[in-house]
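Structure first, commentary second.
Just so it is clear, none of the values below were taken in a lab; they were calculated from the coordinates. If you're wondering where the values come from, they're calculated on a predicted model, not measured in any experiment. Cβ coordinates were reconstructed from backbone atoms using ideal geometry, including for glycine residues, and neighbour counts include every protein chain displayed.
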Ligand code: ATP
């Protein structure tokens, strides 16, 4: 008789890139990156429950934009893990979605990492951490960081992680209407940089020092995203959102990853509330979220 297993819920954070340095396109089409990831306290939850086959459901404000078939990164994670273990992917995955979809905050990647951890616990596999990280890298460049959380420098396609020190910071995120496709933003980056030499990507030591200090005034002038020009080229309205946040007192404003979510570094929680209210009143975004960093990576909540 099989042992009935109880559902497993994993909480997983979104990310913001405090430095996203993009190198020239490689022969395989990917770009070398120097990507300083920071996990923020904006979480999805993925619950894995025993089932006859592999099914996915999703709830949350953007749930209608999330694919529920085998292209969902959570479903892919379950399939890969099951195949490695030589078992059937008999699991129902429910995603409670708060991370904006296609917003440059690695929401899909987060769900992939969360599903991997949840299925590993549900199926009692105890897969070594290093193997889980290998599967994450197969799922996508941002997935290993979703598992690890905290703060890290990602090199290669962004999947080779070195932890870095980070003090506490406060953020506001402005969620735009509709998403931006990450490959389309990279293509636009290639178009905009065609014919000009693209330097090798680096994470400036001054940025890492400021990140460790926890001083938002020190960090603010060092935030940078090489994909910002490409995201603004595809979505010029984002310039008005960035300006509205800066006018409202944000210390720095930048496009988050490939966008179109914009990120605002603020002095403290009180400033976060003010900047979020001003952004919502400006009519330049759909909604806002406030968050702090660093946040822990994917974590099992109950067994
Ligand atoms: P990144 O910052 O890693 O580039 P993103 O935050 O811009 O990613 P996602 O929210 O990960 O974007 O969604 C990108 C696309 O991935 C979506 O449009 C959707 O079709 C697909 N997708 C697959 N699985 C998921 C998932 N679990 N949640 C959201 N989108 C998913």
Margin query: Relative contact order of segment 8-164, please, whole-number percent, based on alpha carbon pairs below 8 angstrom and at least 6 residues apart.
Written below: 30
Checklist line | Efficiency of FRET between residue 68 and residue 193 - r from beta-carbon atoms, R0 45 angstrom, step 0.05 | finding: 0.75
Next item on the list: Please determine, in degrees from 0 to 90 and to the nearest 10, the orientation of helix 182-193 with respect to the longest principal axis defined by the Cα atoms of the chain, where the helix direction is its Cα long axis.
Entry: 30
Next item on the list: Can you put 15, 97, 274 in order of Cβ neighbours within 10 angstrom, beginning with the fewest?
Entry: 274, 97, 15
Note to self: What distance in nm lies between label points placed 7 Å from Cα along the C-beta direction at residue 28 and residue 90?
What the structure shows: 3.6
Check: What FRET efficiency comes out for the pair residue 177/residue 299, r = Cβ-Cβ distance, R0 = 30 Å, nearest 0.05?
Finding: 0.45
Margin query: Can you classify segment 90-180 as rounded, prolate or oblate using the Cα gyration tensor, where a ≥ b ≥ c are the square roots of its eigenvalues, rounded means a/c under 1.5, and otherwise it's prolate if a/b beats b/c and oblate if not?
Written below: oblate
Check: When only C-alpha pairs under 8 Å and at least 6 residues apart count, what is the relative contact order of the chain, in percent?
Finding: 27
Next item on the list: Rank these for me by crowding, 223, 133, going from fewest to most other beta carbons within 10 Å.
Entry: 133, 223
Margin query: Largest first, please: the extent of the C-alpha atoms of the chain along each principal axis, to the nearest Å.
Written below: 64, 44, 35
Checklist line | the chain: angle of helix 73-85 to the longest principal axis, Cα-based, in degrees nearest 10 | finding: 40
Checklist line | Distance (nanometres) between label positions extended 7 Å along Cα→Cβ at residue 168 and residue 213 | finding: 1.9
Item checked: Linear extension gain, residue 59 paired with residue 270, 0.36 nm per residue minus alpha-carbon span -> 73.0 nm
Checklist line | Per-pair calculated FRET efficiency, R0 = 45 Å: residue 280 and residue 134 via Cβ, rounded to 0.05 | finding: 0.60
Notebook entry, point to check: What number, in percent, do you get for the relative contact order of segment 169-293 if the mean sequence gap of Cα pairs under 8 Å and at least 6 apart is divided by its residue count?
Noted result: 44
Next item on the list: For segment 8-164, take the alpha-carbon Rg, divide it by the Kirkwood Rh, and send me Rg/Rh.
Entry: 0.97
Notebook entry, point to check: Given that compact globular proteins tend to follow 2.2 N^0.38 Å, what is the ratio of the alpha-carbon Rg of segment 169-293 to that value?
Noted result: 1.08
Item checked: Angle between the chain longest axis and helix 238-247 axis [Cα atoms, degrees, rounded to 10] -> 70
Item checked: Burial ordering of 32, 111, fewest other beta-carbon atoms within 10 Å first -> 32, 111
